[in-house]
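Please read the structure below before turning to the comments.
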Amino acid sequence: MDIIKVDSIAKAFGKNLAVNNVSFTVQKGRIFGLLGPNGAGKTTTIRMINNILAPDTGSITINGIEASPQTQKMIGYMPEERGLYKKMKVGEQLLYLTQLKGMDTKSAHKAIDFWLDRFDASDWKKKEVGELSKGMSQKIQFIATIAHDPDIYIFDEPFSGLDPINSETLKEVIIDLKSQGKTILFSTHRMEQVEQMCDDICLFNKGKSVLQGDLRQVKSSFGKNTINLEFEGDGSFLDKLEDVRINNRSTNFAEIRVLNGQNMQDILKLAIEHAEIHKFERVQPSLNEIFISTVGEDNLKNQEA
Amino acid sequence: MDFGKIFLVLKREYLTRVRTKAFILSTLLTPLALVALMAVVIIVSTSGSDSVKTVGIIDETGVLYPRLEEINAERYEDVSMQPLDSVKAHVLSEQLDGYIVLGDSFIDSGDSPTLVYGGSGGLSFIGSVQDELRDAVRDERISRSNVSDEIREIFEARPRIESVKLTEQGEEEDHAIFGAALGFILGVLIFIGLFGYGAVLMRSVIEEKTNRIVEVIASSVKPIELMLGKLMGICVLAITQFAVWIVSYIGLSIAAAPIAVMIFGEKIDDLNSTATGAASSQGFDPAVLEQFQVDPMIFVYFILFFFLGFMIYSAIFAAIGAAVDSEQDTQQFMIPVMIPIFMGYMLNMKIIEDPDSSFAVFASLFPLTSPINMISRIAATEVPFWEILLSIVLMIGTFAGIMWLAAKIYRVGILMYGKKPSYKELAKWIRQS
């Protein structure tokens with residue numbers, strides 16, 4: 001079931017076309033990743049889904065309803081730039097934000113107490129947000145996003161600025177939400193998190209969607225055209241390789257993407273001549289490689305056009 | 001428009017501010033200052049002239065001193081028997097404030113006597129000595145020149161102006177000066193309220209931007225709802241403060257005269273029973289305080305005009321707050337707000353001087369100055385009802401227009417960070433949305 005349906009939307013700010021004819025759908029109960037370099041139009045798209053901005057053309061429907069104040073209640077949104085009222089008490093603040101999402105006072109109190117308890121934050125209820133540490137206020141921010149129990153969660157760059165522990169907690173909560181049948185959409189440029197969590201992806205570049213679909217299918221469509229090479233010795237032979245792109249290179253490891261259908265055996269031969277090979281593996285390209293190559297090709301195409 | 005959400009925003013805006021120390025203190029301290037002011041009025045009116053100065057009279061005529069003594073016994077002392085040197089010594093040692101030598105020539109030819117004084121004289125001191133001496137000399141000359149009683153009466157009559165205002169209900173005692181002063185003060189209060197609370201609103205908008213909470217709010221509430229909620233929240237806050245002031249003012253103005261009688265009772269009785277002639281006018285008259293009681297309708301207008309003025313100006317303040325990232329950046333946009341608001345403030349004095357001039361009528365109808373100037377006129381004069389109505393209609397229309405533009409700037413501005421926009425860019429925002 002299409003829970004979020006984005007249909008050929010476009011949004012311009014003055015002469016700058018921030019989002020250009022983008023379409024995608026998010027299925028219920030799945031985690032959808034919005035990827036792309038900075039300025040690709042992810043945040044603008046997310047704001048349009050949240051009905052903060054209106055698209056110039058095209059349409060967005062949530063659960064079949066046109067984006068509107070009514071659909072805003074179905075979504076819990078955590079923007080990239082997070083913030084709370086510093087001079088307001090945690091409890092009052094959560095109550096206010098939850099009520100704004102349309103929850104009645106009684107259920108709001110109950111939900112807030114539940115989540116504060118779950119995050120071991122019940123003691124902070126009477127504290128002003130300004131007194132809390134950064135990690136603590138991030139938890140409060142998160143509670144503010146989810147307390148009204150929406151079906152859809154949208155996080156814009158949720159992992160940016162989180163320490164590893166909070167980052168792990170957030171990951172767990174997201175996976176937990178998914179297991180409850182909730183739908184999650186988040187944007188990021190941290191590829192390893194996408195690989196670990198996302199079911200579907202949409203890759204943005206310069207306002208356009210350049211690649212989208214089920215993450216496994218996207219990866220397998222690139223074929224096993226990548227070599228993971230572990231070696232010992234002089235790695236300078238890697239520089240002699242032609243028609244390859246090398247990622248993740250270190251003193252004894254390289255991820256080699258083979259271009260133009262070149263024979264991998266030739267690369268292996270060259271490697272054996274120069275270094276001691278510990279591992280030579282044919283794999284699907286990493287998402288990082290897909291990201292870089294797709295965006296790179298797209299930029300090249302734009303330059304030619 | 002979701003009024004439930006507007007109310008939630010309003011409630012938060014109001015409750016977080018009404019509980020602050022600054023608000024509570026300024027709300028409660030102002031009535032205390034008012035009490036102090038009234039006490040000063042009472043004290044000044046009971047004590048009459050501040051210090052009693054003594055003037056020694058060396059009376060060579062033998063008739064002028066008794067007349068001076070009759071006019072103001074406290075001030076004049078007969079030192080005719082003492083030698084001039086010792087009188088001078090008294091003045092230098094400040095036992096006397098000054099002395100006058102009165103010879104026959106002053107009665108005969110009308111020469112000017114000389115007041116010799118030490119220390120500080122003070123204009124009112126010299127002036128009153130001059131008046132009293134003139135009266136004494138004149139009376140003496142009249143009595144000597146054997147004129148008819150009729151002429152004597154003419155000279156003794158001291159015409160004063162009693163001001164009485166003609167209204168439809170008939171003649172009423174008029175407190176024109178008090179009305180003008182009240183009008184001025186109410187105008188200034190609205191000026192301060194518009195400016196002060198407009199700035200509070202502006203800071204509140206900037207705070208939400210710099211806190212970055214505004215995007216979270218925008219995912220629940222339409223920008224226009226947020227803006228209206230904030231506007232109304234601050235407006236109710238200001239009205240709360242004014243209401244406390246008005247209620248304490250009305251209470252004080254009713255209670256002041258009886259309390260004054262209680263505290264100063266004996267003194268008032270003393271003054272009223274013993275003082276005669278000129279002295280009694282210096283005594284305390286509780287009626288001085290009764291004129292502080294004013295028609296409560298004026299406060300209804302006060303709140304109404306503040307409300308309308310606040311809606312107009314705060315819409316602009318909110319738009320400015322949304323357009324910038326920090327308070328320092330607001331300056332270039334403040335000019336268009338400052339000009340009309342300060343104009344209203346500065347015109348206020350002129351309007352009090354002549355509240356019925358066509359200039360005053362214009363200023364009180366022009367929607368950007370009318371919140372300040374109309375209330376001054378209402379307090380100072382009889383404003384035709386149609387003028388009040390017209391000014392209200394004009395303000396509502398202006399609010400609608402300004403709100404329409406301000407809401408567009410607000411909507412774009414709250415999500416815009418970075419370089420502060422130019423006027424050209426603001427125009428672009430308005431066209432864009």
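Taken over region A:30-54, residues that are within 16 Å of residue A:201 (Cβ to Cβ) and of a type in the set (Gly, Ala, Ser) amount to 4.
I'd like to verify a number: residues in region B:400-433 that are among the hydroxyl-bearing types (Ser, Thr, Tyr) and assigned to a loop (DSSP other than H, G, I, E, B), how many? Matching residues across region B:400-433 total 3. Taking the criterion of being touching a Gly at 6+ places or on another chain (Cβ under 7 Å) and not β-branched (Val, Ile, Thr), the residues of region A:115-147 that qualify are A:125, A:126. For region A:65-81, a tally of residues being free of Cβ contacts under 8 Å to residues at least 24 places away in the same chain and small (Gly, Ala, Ser) returns 2.
Any chance you could count how many residues in region A:231-245 are part of a strand (DSSP E or B) and surrounded by 15 or more Cβ atoms within 10 Å (Cβ to Cβ)?
Looking only at that region, the number is 3.
Residues of region B:87-100 include none that is over 19 Å from residue B:128 (Cβ atoms) and within 14 Å of another protein chain (Cβ to nearest Cβ).
Looking across region A:19-30, the residues that are farther than 24 Å from residue A:175 by Cβ and crowded, with 22+ Cβ neighbours inside 10 Å come down to A:19, A:22.
The rows are residues; the columns are (1) modelled with pLDDT of 80 or more; (2) buried (at least 19 other Cβ atoms within 10 Å of the Cβ); (3) more than 21 Å from residue B:402 (Cβ to Cβ).
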residue: B:133; (1), (2), (3): yes, yes, yes
residue: B:146; (1), (2), (3): no, no, yes
residue: B:171; (1), (2), (3): no, no, yes
residue: B:194; (1), (2), (3): yes, yes, no
residue: B:203; (1), (2), (3): yes, no, no
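If the condition is being open to solvent by 20 Å² or more (accessible area, probe 1.4 Å) and not in a helix (DSSP H, G or I), then region B:368-395 contributes B:368, B:381, B:382, B:383, B:384. Listed conditions (1) at pLDDT 85 or above; (2) away from chain A (no Cβ under 14 Å) are all met by residue B:224, apart from (2). Can you find even one residue in region A:276-299 that is touching a residue at least 60 places away in the same chain (Cβ under 8 Å) and open to solvent by 100 Å² or more (accessible area, probe 1.4 Å)? No; the residues of region A:276-299 include none that is touching a residue at least 60 places away in the same chain (Cβ under 8 Å) and open to solvent by 100 Å² or more (accessible area, probe 1.4 Å).
For region A:82-104, give me each residue that is assigned to a loop (DSSP other than H, G, I, E, B), without any contact (Cβ under 8 Å) to a residue 60 or more places away in the chain and hydrophobic (A, V, I, L, M, F, W, C). Within region A:82-104, A:88, A:103 meet the criteria.
Only one of the numbered conditions (1) open to solvent by 20 Å² or more (accessible area, probe 1.4 Å); (2) at the interface with another protein chain (Cβ under 10 Å from one of its Cβ atoms); (3) of a type outside the set (Lys, Arg) is not met by residue B:189, and that is (2). Taking region B:341-364 as the range and being in a helix (DSSP H, G or I) and either outside the structural domain of residue B:202 (by TED's automatic domain parsing) or surrounded by fewer than 18 Cβ atoms within 10 Å (Cβ to Cβ) (or both) as the test, the residues that pass are B:342, B:343, B:346, B:349, B:350, B:353, B:358, B:359, B:362. From the residues in region A:94-113 that are within 9 Å of another protein chain (Cβ to nearest Cβ) and of a type outside the set (Ser, Thr, Tyr), which one is most open to solvent (accessible area, probe 1.4 Å)? If we take residues in region A:94-113 being within 9 Å of another protein chain (Cβ to nearest Cβ) and of a type outside the set (Ser, Thr, Tyr), then A:102 is most open to solvent (accessible area, probe 1.4 Å). Might you check whether a residue that is within 14 Å of another protein chain (Cβ to nearest Cβ), part of a helix (DSSP H, G or I), open to solvent by 40 Å² or more (accessible area, probe 1.4 Å) and of a type in the set (Ser, Thr, Tyr) occurs anywhere in region B:207-218? Yes - at least one qualifying residue is present in region B:207-218. Being within 8 Å of another protein chain (Cβ to nearest Cβ) and basic (Lys, Arg) is a description that applies to residue A:87. The criterion of at least 1 residues that are within 17 Å of the chain's Cα centre (by Cα) and either within 11 Å of chain B (Cβ to nearest Cβ) or of a type in the set (S, T, N, Q) (or both) is met by the following strands (runs of 3 or more DSSP E) wholly inside region A:3-81: A:16-27, A:75-78.
Entry remark, region B:328-354: residues being closer than 22 Å to residue B:430 by Cα and of a type outside the set (A, V, I, L, M) number 6 in total.
The values are calculated or read from the model by the stated rules, or taken from the named source; none is laboratory data. None of the values given here were measured: they were computed from a predicted structure. Ideal geometry is used to build each Cβ from the backbone, glycine not excepted, and the neighbour counts take in all protein chains shown. We work out accessible area using only protein heavy atoms, side chains counted, and drop any ligands, DNA or RNA first. Shrake-Rupley method; radii C 1.70, N 1.55, O 1.52, S 1.80 Å.
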